[in-house]
Amino acid sequence: MIAKSTWKQNHLYEAHSESNHAVTFDAGDHAHGPTPMEAVLMALCGCTSVDVVSILEKKREPIASLVVSANAEQAPTPPRVFTKIHLTYTIGGGVSPKAAEDAVSLSKNKYCSVSKMLEHSVEIDYSIEYAD
């Protein structure tokens, strides 16, 4: 996997992935894109979302919606690393609580590479809510 970031001006950076996608990072007023740390948190939400939907679909659970939100605490001084992350999974569609718990647990403990990478330096916990 290859990526690069190019300084554009002031606090703006344009990052490109090997698959030819671009993201603008804004380390200033955040008007043009997320900060790099926000992007890490977004990547965690996205990674675990992919896993949970895939697992629930394979279990033939009636998932209709999924929102994964993250609330992160950061160290007060540089480097402002994450010190704690709480993920909230809001699942709609009548998914059984056991299937939801199993899917989230499998994502956190086995499949989500972003979560597995972050857990070496930050505590990650979660809760599950049901939209229906």
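The values are calculated or read from the model by the stated rules, or taken from the named source; none is laboratory data. Computed from a predicted model, the values in this text were never measured in an experiment. Don't worry about glycine lacking a Cβ; one is built from the backbone with ideal geometry, like all the others, and counts go over all protein chains shown.
Okay, here's what the table says:
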| read-out | value |
| --- | --- |
| Flag for Ala100 being among the hydrophobic types (A, V, I, L, M, F, W, C) and exposed (fewer than 12 other Cβ atoms within 10 Å of the Cβ) | no |
| Matching residues, the range 89-130, being touching a Cys at 6+ places or on another chain (Cβ under 8 Å) and among the β-branched types (Val, Ile, Thr) | Val114 |
| Filtered residues of the range 1-55 (kept if more than 18 Å from the chain's Cα centre (by Cα), exposed (fewer than 14 other Cβ atoms within 10 Å of the Cβ) and of a type in the set (Ser, Thr, Tyr)) | Ser5, Thr6, Ser19 |
| Residue within the range 92-113 that is within 16 Å of the chain's Cα centre (by Cα), within 18 Å of Ser127 (Cβ to Cβ) and assigned to a loop (DSSP other than H, G, I, E, B) present | yes |
| Candidates Asp26, Asp51 - the one that is more than 22 Å from Cys112 (Cα to Cα), modelled with pLDDT of 95 or more and of a type in the set (Asp, Glu) | Asp26 |
| Considering residues of the range 56-72 that are surrounded by 13 or more Cβ atoms within 10 Å (Cβ to Cβ) and of a type outside the set (A, V, I, L, M, F, W, C) only, the residue nearest to Asn109 (Cα to Cα) | Lys59 |
| Failed criterion for Thr83 (all others in (1) touching a helix residue (DSSP H, G or I) at 6+ places or on another chain (Cβ under 8 Å); (2) under 14 Å from Val40 (Cβ atoms); (3) part of a strand (DSSP E or B) hold) | (1) |
